[in-house]
Each structure stands twice: as structure tokens, then as C-alpha cells.
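A short write-up of the structure that comes next.
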Amino acid sequence: MPITPSTMIPLGTQAPDFTLFDTVSGKTLALKNLKSDKATVLIFMCNHCPFVKHIRNELIHVARDYMPDGVNFIAINSNDPQQYSEDSPENMKHVAEELKFPFPYLFDGTQEVAKAYDAVCTPDFFIFDSNMKCVYRGQFDDSRPSNDIPVTGKDLRTALDALLENRPVPQDQKPSIGCNIKWKK
């Protein structure tokens, strides 16, 4: 499992549009219908990655904390399920229902969405403002499966708080660290 840092797209990047299959509802959903007029959080994640498993429960907690304030969360899995059957749409649905994800869990079967966002690892976080311009890209917090730092979502929370309070989002942002996206061969 190669440990991979996120690529950190330039702040101000416009969110590329997409339409993807939601593994839970069975519907095809478009970004234009999922985005928020306040803040939209995109998470590239998967089922099998130990870095995602490490933060998953707190991510659900963070989403539940911020969704009442008008923040929308969207999870996307771009991994090749031929290489990792645990990341198949059927298994994505199972995990989302078991953990009661409060957000859609979309399958990027062509991997075009991950490429459009320059996502390279799981988890990889992006926050977009009301105009769908990137104001944050980076880590959830400093916790990793290999350290004893508690999982809090501090970095994501700090960015969301600033955005919701109409303050500048701190520009000092650390890359996310995780497993590389499993690209099709």
C-alpha cells in the first residue's frame, strides 16, 4: 500500500462538473443537484483503505455537525473494483448503509472524476464555496493509523467554520495522506 500525499490543486479552482451513480439510492446524481449554496465538501474515499477506515466514524460525525448549517458532503470512490472487490458498488452500498452515511456515496467507474479533480489518494478532501471555487484541499486532521493523535477533523472543521463565518479560510493547508487511488490498468 503506497502512502500517497494529495496533489493540492490551486485554491480558487472551479469544481469540475460530474454525474455519477449513487450506490445507496441507485440513482445517477449530478454535482449541480448535490452542491450547496454555502459549502460543498467532496471526499475521495473507498472501503478498504486503512486511512479512510481510521477517520470514517469522525467524518460521519463532522458531516452530521455541519449539514444542518447548509454544508453538503459528497463521497466518491474512484478505485478499480477489479483490483479491490471490497470497493465494488455493491460493497460501497453495504458500507454506507451499515455506517449510516448521511451523504451520497458515488461510484466513479471511469475514474474521470478523480482525474478531473487531480485526486490521487484516499482520503482526499476538497471544500468548495458557494461559487464552487476551491477554498480548501488537504487533510482531515493530523491523525493517522500509525500515530496516537486523536481523530477530530480539526483541519476540515477549521476551514468550514471560517467559510460559514465569512472569514478567510486559512491558506496554510496540509496535504492529505493515504492510499493511492487504484487506477485501472
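Read-outs throughout are calculated quantities, based only on the coordinates presented, and are distinct from any laboratory measurement. Remember, predicted model here, so these are calculated numbers, not experimental data. Cβ: placed from backbone, ideal geometry, glycine included. Neighbour counts: every protein chain shown.
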| How long is the gain from residue 90 to residue 165 if the chain were fully straight, where each residue apart is worth 0.36 nm and the alpha carbon distance is subtracted? | 23.1 nm
| Restricting the count to DSSP beta bridges whose residues both fall in the chain, what percent are antiparallel, rounded to a multiple of 5? | 70 percent
| If you look at just the Cα atoms of segment 143-185, how large are its Rg and its Dmax in Å? | 14.3, 44
| said: What is the distance in Å between the Cα centroid of segment 65-137 and that of segment 162-185? | reply: 13 Å
| said: Need the full-extension length gain, residue 98 to residue 83, defined as separation in residues times 0.36 nm minus the C-alpha distance. One decimal, nm. | reply: 3.1 nm
| request: Could you check the simple spin-label distance between residue 147 and residue 133, using points 7 Å along Cα→Cβ, in nm with one decimal? | output: 3.2 nm
| Which of 134, 121 has the fewest Cβ neighbours within 10 Å, and the rest in rising order | 134, 121
| message | Tell me the mean residue ellipticity at 222 nm calculated for the chain from its helices only (DSSP H runs of n ≥ 4, each -39500 (n - 2.57), averaged over every residue, nearest 500). | response | -7500 deg cm²/dmol
| query | If contacts are Cα pairs under 8 angstrom and at least 6 residues apart, what is the relative contact order of the chain in percent? | reply | 33 percent
| request: Could you tell me whether segment 3-180 comes out rounded, prolate or oblate from its Cα gyration tensor? Rule is a ≥ b ≥ c as square roots of the eigenvalues, rounded for a/c under 1.5, then prolate if a/b exceeds b/c, otherwise oblate. | output: rounded
| message | As a footprinting exposure proxy, order 67, 92 by other Cβ within 10 Å, with the fewest listed first. | response | 67, 92
| Long pairs among 53/182; 93/174; 38/184; 53/185, criterion Cα-Cα beyond 28 Å | 93/174; 38/184
